[in-house]
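Colleague: One structure follows; several queries about it will come next.
The values are calculated or read from the model by the stated rules, or taken from the named source; none is laboratory data. Because the structure is a prediction, the values reported are computed rather than measured. Positions of Cβ are backbone-derived with ideal geometry, glycine not excepted, and every protein chain shown enters the neighbour counts.
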Amino acid sequence: MTPVIALVGRPNVGKSTLFNRLTRSRDALVADHPGLTRDRKYGNGRLGGKRYIVIDTGGISGDEEGINAAMAEQSLLAIDEADIVFFMVDARTGLHPADEAIANHLRVNQKKTWLVVNKTDGLEEHSAMADFWSLGLGDPHSIAASHGRNVTSLIEKVLEPF
Ligand code: GDP
Ligand code: MG
């Protein structure tokens with residue numbers, strides 16, 4: 001079974017940047033996979049012998065109206081389709097009220113969730129992550145999607161049970 005990883009979080013936290021890094025092969029875009037629709041963006045990734053699928057989403061901002069409501073809806077559907085959720089937050093902006101709203105949903109949803117703190121490049125990791133423990137989603141994992149910092153080691157850990 002190929003695990004499916006959904007990238008969710010507020011707009012601008014770096015979901016698409018991480019998606020691109022995780023799905024760099026030429027045949028990255030998934031044409032067809034049972035149970036997935038075409039409304040979200042799917043990519044194939046591979047680490048060593050292990051394959052995975054990544055879902056990019058538009059993002060949840062917390063006060064949804066109009067197009068934002070549609071994006072939030074996509075995120076909720078992506079969570080349902082996934083085996084693993086990467087809940088992404090932004091180390092540079094720190095904890096945002098909308099992060100708490102999304103975290104509440106994820107705690108209730110009970111999908112295996114990894115709290116991923118992005119944009120820690122140039123920051124002291126330990127203090128950059130301190131804010132995010134209060135989300136109640138366990139250890140925050142520091143990455144810098146645009147630089148590749150800690151991305152491979154994170155995926156290795158995430159794929160261990162698969
Ligand atoms: P999305 O809206 O969540 O998909 O976010 P994007 O992937 O479009 O990224 C939003 C902005 O954050 C872009 O300007 C990215 O270049 C920037 N960004 C993404 N990852 C990082 C990172 O690791 N470090 C820094 N400094 N900027 C990043
Ligand atoms: Mg995006």
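Colleague: Just to be sure I understand the filter: pairs with C-beta atoms under 8 Å, separated by 6 or more residues or on different chains, first member in region 5-25 and closer than 17 Å to residue 84 by Cα, second member near ligand 1 (Cβ under 6 Å from one of its atoms) and in a helix (DSSP H, G or I). Which pairs pass?
Modeller: 7/15; 8/15; 9/15
Colleague: Could you please find all residues in region 17-46 being farther than 21 Å from residue 157 by Cα and either within 12 Å of ligand 2 (Cβ to nearest atom) or modelled with pLDDT of 90 or more (or both)?
Modeller: Within region 17-46, 40, 41 meet the criteria.
Colleague: Of the residues 113, 120, which is buried (at least 19 other Cβ atoms within 10 Å of the Cβ), in a loop (DSSP other than H, G, I, E, B) and in contact (Cβ under 8 Å) with a residue 12 or more places away in the chain?
Modeller: Only one candidate passes the filter, namely 120.
Colleague: What number of residues in region 124-161 are of a type in the set (Gly, Ala, Ser) and within 12 Å of ligand 1 (Cβ to nearest atom)? Give the steps one after another, and end with the answer.
Modeller: First, the residues of region 124-161 that are of a type in the set (Gly, Ala, Ser): 127-128, 130, 134, 136, 138, 142, 144-146, 148, 153.
Still in the list and also within 12 Å of ligand 1 (Cβ to nearest atom): 128, 142, 144-146, 148.
The total comes to 6.
Colleague: With respect to residue 49, determine if the residue is modelled with pLDDT of 65 or more and either within 15 Å of ligand 2 (Cβ to nearest atom) or not β-branched (Val, Ile, Thr) (or both).
Modeller: Values: modelled with pLDDT of 65 or more: yes; either within 15 Å of ligand 2 (Cβ to nearest atom) or not β-branched (Val, Ile, Thr) (or both): yes.
Here the answer is yes, as residue 49 does meet what is asked.
Colleague: Of the conditions (1) modelled with pLDDT of 90 or more; (2) surrounded by 20 or more Cβ atoms within 10 Å (Cβ to Cβ), residue 102 satisfies every one except a single condition; which number is it?
Modeller: Among (1) modelled with pLDDT of 90 or more; (2) surrounded by 20 or more Cβ atoms within 10 Å (Cβ to Cβ), the lone unmet condition for residue 102 is (1).
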